[in-house]
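J.: My questions all concern the structure below.
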Amino acid sequence: MPSNLQSLTTNLPHYVIIVAGGSGSRMQSSLPKQFLLLNGKPVLMHTIEAFDQSAAKPAIILVLPAAYHTYWQQLIQEYSFTIPHRLVTGGETRFHSVKNGLDLITDQEALVAVQDAVRPLTSPYIIDEAYQCAAEHGTAVVAVKSRDSIRQVKKGRSVSLVRDEIYLVQTPQTFKVSLLKKAYEQPFDTRFTDDASVVEQYGAEIKLTEGDHSNIKITFPEDIAIAELLLSKKPQL
């Protein structure tokens, strides 16, 4: 790890809000996808472990629907899961869930990452790089260049876009707490699809940091099999 990254992680408070509000509808499962088993334990536990293994070692805030708080506590006991975290109830939308998580952070000088609960393969290096970028610029959104040609449909007609100018956004999305809190004071808008869109609407420039195509979001049944294959190829700590 670069020495300047080590300096960052020892000088600034770090937080992560892990948003786990998803249902299992597209997984064809009655169980929300964050609780599905991946290599023998729930997806959500892999995601939490990624941040615990980072140099930043952020304080972890987990946002869950109220209906699943008891179930999560049962899973903690069943899998002897000991990584410390604070649990908060999710809101009506992702926007409101992130706001609920932000309410637990009082340190305006801190950095906060927002992470999808169902991105269990995010590498600690990507996490630390995002914190470093946010410390320098106020914003850091992990993204990868598109590997595919891109077309956009306008008024029923498809038009080609320049692939090298297209980035696919991932998480974590990391910000200075003071900036993210101010951005989330805006009224909810259906155009807010992620934290970057909220912060951009507030008027801040979004800086991109390099992600990884293996940093997949568990959305469909086949994603579990893909994630298990990718995990099997990762070096064991």
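J.: Counting only residues that are more than 28 Å from Tyr68 (Cα to Cα) and touching a Phe, Trp or Tyr at 6+ places or on another chain (Cβ under 6 Å), which one in the stretch 111-143 is surrounded by the fewest Cβ atoms within 10 Å (Cβ to Cβ)? Before the answer, list the steps.
T.: The initial filter retains those residues of the stretch 111-143 that are more than 28 Å from Tyr68 (Cα to Cα), namely 125-126, 128-143.
If we keep only those that are touching a Phe, Trp or Tyr at 6+ places or on another chain (Cβ under 6 Å) as well, we get 134, 139, 143.
Values: Ala134: 28, Thr139: 25, Ala143: 19.
Checked the stretch 111-143; the qualifying residue surrounded by the fewest Cβ atoms within 10 Å (Cβ to Cβ) is Ala143.
J.: In the stretch 205-223, what residues are in contact with a strand residue (DSSP E or B) (Cβ under 6 Å, 6 or more places away or on another chain) and farther than 27 Å from Leu37 by Cα?
T.: Ile206, Lys207, Leu208, Thr209
J.: Still on this structure: Which ones in the stretch 144-183 are of a type in the set (A, V, I, L, M) and surrounded by 12 or more Cβ atoms within 10 Å (Cβ to Cβ)?
T.: Residues satisfying the conditions are Val144, Ile150, Leu161, Ile166, Leu168, Val169, Val177, Leu179, Leu180, Ala183.
J.: If you don't mind, another one. On the given criteria, is Ile105 open to solvent by less than 40 Å² (accessible area, probe 1.4 Å), over 22 Å from Phe192 (Cα atoms) and not small (Gly, Ala, Ser)?
T.: Working: open to solvent by less than 40 Å² (accessible area, probe 1.4 Å): yes; over 22 Å from Phe192 (Cα atoms): no; not small (Gly, Ala, Ser): yes.
Against the criterion (open to solvent by less than 40 Å² (accessible area, probe 1.4 Å), over 22 Å from Phe192 (Cα atoms) and not small (Gly, Ala, Ser)), Ile105 does not qualify.
J.: Given the conditions (1) within 28 Å of Leu102 (Cα to Cα); (2) surrounded by fewer than 20 Cβ atoms within 10 Å (Cβ to Cβ); (3) touching a residue at least 40 places away in the same chain (Cβ under 8 Å), report the number of the one that Glu200 does not fulfil.
T.: All conditions are met except number (3).
The values are calculated or read from the model by the stated rules, or taken from the named source; none is laboratory data. All figures in this text were calculated on a predicted structure; none of them were measured in a lab. Using ideal geometry, Cβ is built from the backbone for each residue, glycine included, and neighbour counts are taken over all protein chains shown. These area figures cover heavy atoms from the full protein model, side chains too; ligands, DNA and RNA do not enter into them. Shrake-Rupley method; radii C 1.70, N 1.55, O 1.52, S 1.80 Å.
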